[in-house]
C-alpha cells in the first residue's frame, strides 16, 4: 500500500511539475525537482525574439510556448521596444529593466529559480510588489526576488554572446538594447 501511495504522489508531482516547467523531472532519490536541459524540448520551428545591441550584434531566444503561452503571446504583442538594460544588484547574473511596456498577464510557469539563458517577466496577477512588469534575462547563475514567469530561453548557439553581453553590462554599465520578434526555424 505504501508503494502504491508513493507512486501516486510521484506521478502527481511529475504532472504538476511538467505542467509548470518544460524540462522538470522529480529526482528519485531526493524528491526535489531537477531539470534536464535540451532545446529538443522546445519546438523546432516557432516564434521567438532577438536582442540587438548598440553594435548590431543579435542574440536570439525561443519562447516556451507550451509552458507559458499567455506570457509568450503578450510579449510578442509589445514588440519591438528599446530600453536601457542594467545589471542586477541582488539576483545574480542578470540584465534587467523595470520599465517594460505594460503586460496584463497571469502567473504561469513562475519561479524564483532560473537557469542560465532563461528569460523572465513579473506578472501583474497576482500583484507582485518587487517584480511586477520587470523583465530580466539570466546570462548565468541567479535567483529572483519574487516569482516571475519564465517564458523563453537563449538559443544554444547564442549562449556565449549572451554571457559576453551580461559581462559587458556588469563591467561597463547600462546599455541600450532593442528587443524585436523573429521567426526561428531550424
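The values are calculated or read from the model by the stated rules, or taken from the named source; none is laboratory data. All of these numbers come straight from a predicted model, not from anything done at the bench. Don't worry about glycine lacking a Cβ; one is built from the backbone with ideal geometry, like all the others, and counts go over all protein chains shown.
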(request) Consider residue 173 carefully, then state whether it is at pLDDT 95 or above and on the phi > 0 side of the Ramachandran plot. (result) yes
(message) Going residue by residue through the stretch 150-167, is there one that turns out to be part of a strand (DSSP E or B), surrounded by fewer than 19 Cβ atoms within 10 Å (Cβ to Cβ) and touching a strand residue (DSSP E or B) at 6+ places or on another chain (Cβ under 8 Å)?
(response) no
(message) Just the residues that are in a loop (DSSP other than H, G, I, E, B) and either outside the structural domain of residue 49 (by TED's automatic domain parsing) or crowded, with 18+ Cβ neighbours inside 10 Å (or both), please, taken from the stretch 108-129.
(response) 108, 109, 114, 116, 117, 122, 123, 128
(request) Give the stretch 124-151 a look and list any residue that's within 15 Å of residue 109 (Cβ to Cβ) and touching a helix residue (DSSP H, G or I) at 6+ places or on another chain (Cβ under 7 Å), or say none. (result) 149, 151
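Take residue 132 and decide whether it is part of a strand (DSSP E or B) and farther than 21 Å from residue 51 by Cα.
Numbers: part of a strand (DSSP E or B): no; farther than 21 Å from residue 51 by Cα: yes.
No: the conditions fail for residue 132.
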